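Everything on this sheet refers to the single structure shown next.
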Amino acid sequence: MTKPLDGIKIIDFTHVQAGPACTQLLAWFGADVIKVERPGSGDVTRSQLRDIPGVDALYFTMLNSNKRSLTLDTKKQEGKEVLEKLIRESDVLVENFGPGALDRMGFSWEYINELNPKMIVASVKGFSDGHHYDDLKVYENVAQCAGGAASTTGFWDGPPTVCVRCTRRQQHRHAPRDRHSDGADRPR
């Protein structure tokens, strides 16, 4: 049986949840998804919430099944050459690095486009370019609060159960800060 994305090759430069969930769907629709992971540890979710020692965590496997994996060190010339070859041969690159990470790796949009003018680059980000928080790495707690979903968590008579302290720290890192007696660094 033919699937809608048969013949499409995707470089999966994603990690944790939002990006892997996206590329998981593409793999289910028939795309050849190659998950690129960093040497030594791979995707952090390989070991998060692990219930069986020495085996990838269920959290990782349920977001990354039906994909091929490749460990690649893009800080080394050999790794850059492998990535260049992948870009030339692929149709889509999906990434959810922190803002500017691909550029710092030497793979700006201009360079990727030079290697493969037909390449589609999809970036999963918490805030769009030009937003006053566009330079922040965003995980679920920030997305819940910024999008209003945190108001639906918790209990009727209490606050949201999202980690508000972590969210405030991440969203207000540009604000003046005070060191508190407990050692915590909090916005003023």
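All of Gln77, Gln48 fail the test of being more than 18 Å from the chain's Cα centre (by Cα) and either loosely packed, with under 13 Cβ neighbours inside 10 Å or among the small types (Gly, Ala, Ser) (or both), apart from Gln77. When the range 120-142 is limited to residues that are among the hydrophobic types (A, V, I, L, M, F, W, C) and touching a residue at least 40 places away in the same chain (Cβ under 8 Å), the one that is surrounded by the most Cβ atoms within 10 Å (Cβ to Cβ) turns out to be Val124. Would you check if Glu84 is under 20 Å from Val36 (Cβ atoms), open to solvent by less than 60 Å² (accessible area, probe 1.4 Å), modelled with pLDDT of 75 or more and of a type in the set (D, E, K, R)? Against the criterion (under 20 Å from Val36 (Cβ atoms), open to solvent by less than 60 Å² (accessible area, probe 1.4 Å), modelled with pLDDT of 75 or more and of a type in the set (D, E, K, R)), Glu84 qualifies. Of the residues Pro39, Pro117, the single one that is modelled with pLDDT of 90 or more, in a loop (DSSP other than H, G, I, E, B) and open to solvent by less than 70 Å² (accessible area, probe 1.4 Å) is Pro39. Scanning the range 54-68 for residues that are among the aliphatic types (A, V, I, L, M), outside any helix (DSSP H, G or I) and open to solvent by 60 Å² or more (accessible area, probe 1.4 Å) yields one hit, Val55. Does any residue of the range 12-24 turn out to be among the charged types (D, E, K, R), within 22 Å of Lys125 (Cβ to Cβ) and surrounded by fewer than 19 Cβ atoms within 10 Å (Cβ to Cβ)? No: the range 12-24 contains no residue that is among the charged types (D, E, K, R), within 22 Å of Lys125 (Cβ to Cβ) and surrounded by fewer than 19 Cβ atoms within 10 Å (Cβ to Cβ). Of all residues in the range 88-101, those being open to solvent by 20 Å² or more (accessible area, probe 1.4 Å) and of a type in the set (A, V, I, L, M) number 1. Filtered by the rule that a residue be assigned to a loop (DSSP other than H, G, I, E, B) and more than 19 Å from Met119 (Cβ to Cβ), the range 7-28 gives His15, Val16, Gln17. For the residues Asp178, Asp103, Asp135, the requirement of being of a type in the set (Asp, Glu), at pLDDT 70 or above and not in a loop (DSSP other than H, G, I, E, B) singles out Asp103.
The values are calculated or read from the model by the stated rules, or taken from the named source; none is laboratory data. These numbers come from a predicted model, not from an experiment. Here Cβ is always computed from backbone atoms with ideal geometry, including for glycine, and neighbour counts include all displayed protein chains. When the accessible area is computed, the model is the full protein with side chains, heavy atoms only, and any ligands, DNA or RNA have been set aside. Shrake-Rupley method; radii C 1.70, N 1.55, O 1.52, S 1.80 Å.
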